[in-house]
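Following: one structure in C-alpha cells, then a few remarks.
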Amino acid sequence: MTPRQRPVITLSPAEARRLAIAASGIHPLLPEPTVGAVLDRLRIIQLDSINVLARAHQLTLTSRLPHATTATVDAGLRTTPPVAFEYPAHAHALVPLNDWPLWAFRRRATRRRPEYPEPAERERILSLIRERGPLTQHELRQPGDRASSGWSWGAAKHSVEFMLWAGDLICVRRTPRWHRLLDLPERHLPAELSTDAQSDAECLTALLTHAGRALGIATTSDLADYLRIPTRTATPLLPHTPLLPASVSGWNEATWAHPDALTAPGAPDSHPQFLGPFDNLIWHRPRTQRLFGFTHTLEAYKPAHQRLHGYYVCHLLANDRLIARADLTRTGHTLTSHRTTTEPSAPLHTPQLLSEAYARMNTMTGMPGNTPSTPES
C-alpha cells in the first residue's frame, strides 16, 4: 500500500523541545496521573540494578507522578492482574502487559538465534516452574553451574535470558531482594494477548507509533533507538504510521511528529526536578544533545578517576532546559550530593532551583527534607 502524501510540519528548536517535554509526560497535564497512565504514555520504562539513590524505573515514574514516592509507584506495579512485564524492549525494561502481542517480532527472532537453549534445557526449566511455581534464576541453576556475575553469565542465566526474550518465560514480579521471579506466560496473559499472530511489519508499525507518541518529535534514528531496532528497519515503515513528517531547524535527519503532540497543550512551567540517568527523555544521547545542547554521559561503569561528573548523576530540568547535574546517593534517610556541576548557560538563580529539586527528590524517595550542599564545579 502506498502511503498518502502528508504536509511537512515546521517547528523551531524551542518548539520541538517544549513538544518533546510535554509528550514525555514529565510536566503532567492531568492532575492525578497513574502508574498505568505513565506506562501507557511511555510504553517502555528502563530497569537497572543500580540502587544508590533509587531504582531507575522508580525515578522515571515519580518524575511523572507529582505526589508519588518510590514506594507508591512500586505498589502501583504490584497489581493483580499485572500491568507490566519485563522485556528487552529498549534495554531491559517494563512494558505494558497489553503490548505482549507487539513484541512477537523479537520473540520470533530470538528463537532463530544460535544461542537459544536446546529443547532439553528449555523443558528442564519449564518443568521446574510448572511443578514449583515462579522461581528465581538461582533456583533454576543445576549443580555445578557457576553463579553469574556482571556481564559473565552462568548457564542458567544464559538460558533464562533467551527464554524470556523468546516468550517461553515471563517476569511480572521481583522478590524484595530484586531477584526476578520467572513464570509461565499462560499464568498471567489472558488468551487474547497470548499470540504471535501479527507480522513483523505490523508489530513494528504499531510500536513505532507508540514510540512517536512517547517522544512527540523525533528523528528516524530516535524512533529506532527507542525500540532498539536498526534505523534501516524503521525507515520504510514510518510512512505507514500516523506520524507526520516534520522539519526542525538544525536537524539534518528525517523527522516525525505525533499528531497528539501537535494538538496537545504545551507542557506548563513546573517546579525544577532531577531526571534519572535512564529517563526516557534523555536516554538517547544524540537526541538529548539535539534538543537541549546538553551532553549526557553515564559514568557509573567508568573507573572513579575517569568520571567527570560522578557515579550516579541526575540532570536538573528547569524551564525547558537542562541546566545542571548532581551526583546523588541515599544513605539511610539522608540524601547526599557528592558533586554538582552547572551548565555555562545556567541562570543566576540555579542554586535556588537546585534546592527546590532536592526537596522534590526527598519527597520522591520518601526521605526527610534534608537539603544537601550544592557546591559548583
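Bear in mind that the values in this text are calculations on the coordinates, not laboratory data. From a predicted model like this one, the values you see are computed outputs, not experimental measurements. Note: ideal-geometry Cβ built from the backbone for every residue, glycine included; neighbour counts use all protein chains shown.
Points worth noting:
- Axial C-alpha extent at least 18 Å, average Kyte-Doolittle at least -1.0 - helices from the chain (DSSP): 119-132, 200-215, 350-364
- Loop trypsin sites (Lys or Arg not before Pro), the stretch 82-114 (other Cβ atoms within 10 Å of the site Cβ: 10 or fewer; DSSP): 112
- Over all directions, the projected convex hull of the C-alpha atoms in the stretch 285-353 averages 5.6 nm² in area.
- Taking a sphere under 12 Å around the Cβ of residue 226 and counting the other residues whose Cβ falls inside, with K and R at +1 and D and E at -1, yields a net charge of +2.
- A cut-off under 15 angstrom between Cβ atoms defines the neighbours of residue 107, and their net charge, with Lys, Arg +1 and Asp, Glu -1, is -2.
- For the chain, the Kirkwood estimate of hydrodynamic radius, built from reciprocal distances between every pair of different alpha carbons, is 22.0 Å.
- Cα centroid separation, the stretch 37-100 to the stretch 166-181 (Å): 14 Å
- Sparse-neighbourhood loop sites, trypsin sites (Lys or Arg not before Pro) in the stretch 36-102 - DSSP loop, at most 16 other Cβ within 10 angstrom: 78
- Longest segment of the chain lacking GluC sites (Glu not before Pro) that sit in a DSSP loop with at most 16 other Cβ atoms within 10 Å: 254-377
- For residue 180, net neighbour charge (Lys/Arg +1, Asp/Glu -1) across residues whose Cβ lies under 9 Å away: +1
- With at most 13 neighbouring Cβ atoms within 10 Å, loop chymotrypsin sites (Phe, Trp or Tyr not before Pro) (DSSP) excluded, longest segment of the chain: 1-150
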